[in-house]
Amino acid sequence: MKRRIAPALYCLWAAVAIGFSIALAGLSPESVTRLLVIGFLFGQVALRATLVKALPGLAPKTRFIVLGTLLAAVVEGFHMISMPVFQSLRIGGGTSLAQGLKFYALDLLFTAPAYLVIFSVIWFFVGRYRYSTWQYVIVMGLAQALGDGGLFFFVRAPAMLFFIPYPMTNYHAINVVPFLAVRDQLGPGRAGSARAYLAVPAVVGTYLVCGAIIKLVGRWFGLESS
């Protein structure tokens, strides 16, 4: 019973934080993106028995990284209407289908390699340390939310930490299914150690390095303003 309390409290916290945020913002592009992400996450929950069996022929490490990157590509598509990797690629009401597909392809050209690296770093920890499912959900969701710009935002506005489940849902939608898919194939010798939490600074650092490279290359190609 006690093990169910923490997940229930987190889900309640997330529902309140997300509901309050959307109520304040209305149906803005960011709110629509969030609703699409939540719908995608719920769809994964409903189809988890099928999804965790995807790509069975791949080795666990490859399967984890590929599944995570594919799911991230879907979520990246939802963000094209609100916050793509470069604002010059944002898809609006006047964007044609052909142009929108071009923008999405350009976005993935930059973000997909970064996600391959990010999920490789997450795998480093998953393969060495023992995480319960909910420990993984919270630790990796927090790590990715902070790494993907959240760290600087919350340092400037610590009171906004109340809303941290809002961005964490992005990463629940891309990193939970890969973990569930390989969980039973992970070695039994993994340690239950406080070092498992080093995943947070490691993933944050990976995002910072990848983000800096993306911005630098994007500026060179004229996609990012100086």
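Evaluating Ala114 against the criteria (1) among the hydrophobic types (A, V, I, L, M, F, W, C); (2) touching a Pro at 6+ places or on another chain (Cβ under 7 Å); (3) surrounded by 14 or more Cβ atoms within 10 Å (Cβ to Cβ) leaves one unmet condition, (2). Here segment 55-73 is the region considered, the condition is being without any contact (Cβ under 8 Å) to a residue 40 or more places away in the chain and part of a helix (DSSP H, G or I), and the residue that is surrounded by the fewest Cβ atoms within 10 Å (Cβ to Cβ) is Thr62. Look at segment 106-134: where a residue is in contact (Cβ under 8 Å) with a residue 12 or more places away in the chain and of a type in the set (D, E, K, R) and a partner is exposed (fewer than 15 other Cβ atoms within 10 Å of the Cβ) and outside any loop (DSSP other than H, G, I, E, B), sitting 6+ places away or on another chain with Cβ atoms under 9 Å, you get Arg128/Ala191; Arg128/Arg195; Arg130/Ala191. Which is under 16 Å from Val137 (Cβ atoms) and modelled with pLDDT of 95 or more, of Val52, Val66, Val37? Just a single option satisfies the conditions, and that option is Val37.
Taking segment 154-204 as the range and being touching a residue at least 24 places away in the same chain (Cβ under 8 Å) and of a type in the set (Lys, Arg) as the test, the residues that pass are Arg183, Arg190, Arg195.
Taking the conditions exactly as written (more than 17 Å from the chain's Cα centre (by Cα), among the hydrophobic types (A, V, I, L, M, F, W, C) and over 20 Å from Phe40 (Cβ atoms)), does Ala199 satisfy them or not?
Values: more than 17 Å from the chain's Cα centre (by Cα): no; among the hydrophobic types (A, V, I, L, M, F, W, C): yes; over 20 Å from Phe40 (Cβ atoms): yes.
Against the criterion (more than 17 Å from the chain's Cα centre (by Cα), among the hydrophobic types (A, V, I, L, M, F, W, C) and over 20 Å from Phe40 (Cβ atoms)), Ala199 does not qualify.
Yes/no matrix, rows are residues, columns are (1) outside any loop (DSSP other than H, G, I, E, B); (2) within 19 Å of Val16 (Cα to Cα):
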{"site": "Ala143", "(1), (2)": "yes, no"}
{"site": "Leu146", "(1), (2)": "yes, no"}
{"site": "Gly149", "(1), (2)": "yes, no"}
{"site": "Met160", "(1), (2)": "yes, yes"}
{"site": "Asn170", "(1), (2)": "yes, yes"}
{"site": "Ala173", "(1), (2)": "yes, yes"}
{"site": "Val176", "(1), (2)": "yes, no"}
{"site": "Phe179", "(1), (2)": "yes, no"}
{"site": "Pro188", "(1), (2)": "no, no"}
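Residues to consider are Trp134, Trp123; find the one that is part of a helix (DSSP H, G or I) and surrounded by fewer than 14 Cβ atoms within 10 Å (Cβ to Cβ). Steps first, please.
Working: Trp123 fails: surrounded by fewer than 14 Cβ atoms within 10 Å (Cβ to Cβ).
Residue meeting the stated conditions: Trp134.
Taking Leu24, is it among the hydrophobic types (A, V, I, L, M, F, W, C) and surrounded by fewer than 14 Cβ atoms within 10 Å (Cβ to Cβ)? Yes.
The values are calculated or read from the model by the stated rules, or taken from the named source; none is laboratory data. Small disclaimer: the values here were computed from a predicted structure and weren't measured. Positions of Cβ are generated from backbone atoms using ideal geometry, with glycine treated the same way; all protein chains shown enter the neighbour counts.
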